[in-house]
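Everything on this sheet refers to the single structure shown next.
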Amino acid sequence: MPYMVQQTSLDGVLILQPKVFSDPRGFFYESFNAREFEKSTGVKCNFVQDNHSKSVRGVLRGLHYQLQHPQGKLVRVTQGEVLDVAVDIRRSSPTFGKWAAVRLSSDNQLQFWIPEGFAHGFYVLSETAEFLYKTTDYYHPQSEQCILWNDRDIQIDWGIVGEPLLSGKDAVGHALIAAETFA
């Protein structure tokens, strides 16, 4: 099986470990195979966009989501290390407002599947990190929403010392209690 799959505390949010072939020359792995992804996870999806970002230590991006054009995301790190977080923002869910996190790095080669209905963010732990993700819908800026990274009701343990480096929109996100969320 190309992926070993671990269920998180949030239904549908998965940690994936691809099968890696290593030898003294380096390594090889399939970072994505639609047939094997569906077989391993039970998730059938159509990825329409790939994104790639590079960030420096201390950058925190998120917590982002799109209401009208929700995106499922398959994320991974190709250089460096991040703490990656998914927050359940489906009001009807028994885990509404709860979060799950995983350290993604170029060394562990883990991937994180975050389905629609979740907010997503990450914090850079290494000097720099390159972050790649596939999405199930296109970026739609008019639909984008942001929940505060330090929302008191969610209480994410980012392991941050000092203040993170935030974009202007991330610094003024909404508290979960006041945010537009999924039903």
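For segment 124-155, the set of residues classified as closer than 23 Å to residue 106 by Cβ, under 14 Å from the mean Cα position of the chain (by Cα) and among the β-branched types (Val, Ile, Thr) consists of 124, 135, listed by residue number. Can you confirm whether segment 12-19 contains a residue that is β-branched (Val, Ile, Thr), in a loop (DSSP other than H, G, I, E, B) and under 27 Å from residue 154 (Cβ atoms)? Checking segment 12-19: at least one residue is β-branched (Val, Ile, Thr), in a loop (DSSP other than H, G, I, E, B) and under 27 Å from residue 154 (Cβ atoms). Of the residues making up segment 58-68, those that are surrounded by fewer than 20 Cβ atoms within 10 Å (Cβ to Cβ) and either under 18 Å from residue 126 (Cα atoms) or among the basic types (Lys, Arg) (or both) number 1.
Within segment 42-75, which residues are part of a strand (DSSP E or B), within 21 Å of residue 32 (Cα to Cα) and in contact with a Pro (Cβ under 9 Å, 6 or more places away or on another chain)? Within segment 42-75, just 73 meets the criteria. All told, residue 101 falls short of being in contact with a His (Cβ under 6 Å, 6 or more places away or on another chain) and either farther than 20 Å from residue 123 by Cβ or among the hydrophobic types (A, V, I, L, M, F, W, C) (or both). Can you tell me which residues in segment 69-108 are surrounded by fewer than 21 Cβ atoms within 10 Å (Cβ to Cβ), touching a Gly at 6+ places or on another chain (Cβ under 7 Å) and among the hydrophobic types (A, V, I, L, M, F, W, C)? Residue satisfying the conditions is 83 alone.
Coordinate-derived values only; no laboratory data. On a predicted model such as this, the values are computed, not experimentally measured, just so you know. Note that we place each Cβ from the backbone using ideal geometry, even for glycine, and neighbour counts take in every protein chain shown.
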